[in-house]
Amino acid sequence: MKTNLFVSILIILLFSNCHKENKDPKAYLFQAEVLGSNPDCGVFSIKFTSELDKVKMIVGNTTLDGIYIAKNLPIELQQSGIKIKLDIRKIQDSELGICTDKGPSNTWLFVTKAVKE
């Protein structure tokens, strides 16, 4: 009986340690450059500099390769030319903004968290 209890506790400890190591809340999956306010929508655009294949899997392709309209980009990061690290998700229809359709049509995404690189 003591052996079963010991083995059970050992297994629980091993699995809980593995789970904690793989979950880093400070990790950011993507890197991008802030391009400036999109003249068509008034929302800042970004160009991804890493993991573009993963971005496309999450939010889809865009007209200009690697350039997306970034909804929810923190105000302090809304500066043309700065490099950022960020996490994203696919935007929901209710989160889309209004565009004039006079400029290039890029895909929207939602920034879940971001920091200056």
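Each value in this text was obtained by applying a stated rule to the coordinates, not by laboratory testing. It should be emphasised that the depicted structure is a prediction, and the values quoted were computed from it without experimental measurement. Reconstructed Cβ throughout: ideal geometry from the backbone, glycine too, with neighbour counts over all protein chains shown.
Each of Asp87, Asp40, Asp93 was scored by other Cβ atoms within 10 Å of its Cβ. Arranged with the fewest first, they read Asp93, Asp87, Asp40.
Its relative contact order, with pairs defined as Cα atoms under 8 Å and 6+ residues apart, puts the range 30-116 at 37 percent. The Rg/Rh ratio of the range 30-116, with both radii computed over alpha carbons and Rh defined as the Kirkwood radius, is 0.91. Counting only residues at least eight positions apart within a chain, or on another chain, the aspartates and glutamates with an alpha carbon under 15 Å from that of Lys54 are Asp65, Asp87. Distant-in-sequence amide contacts of Phe44, defined by a placed amide H-H separation under 5 Å and a gap of 5 or more residues or a different chain, comprise Asn38, Ala70. Just the number, please: percent antiparallel of the DSSP beta bridges in the range 30-116, rounded to the nearest 5. Approximately 85 percent, going by the DSSP bridge assignments.
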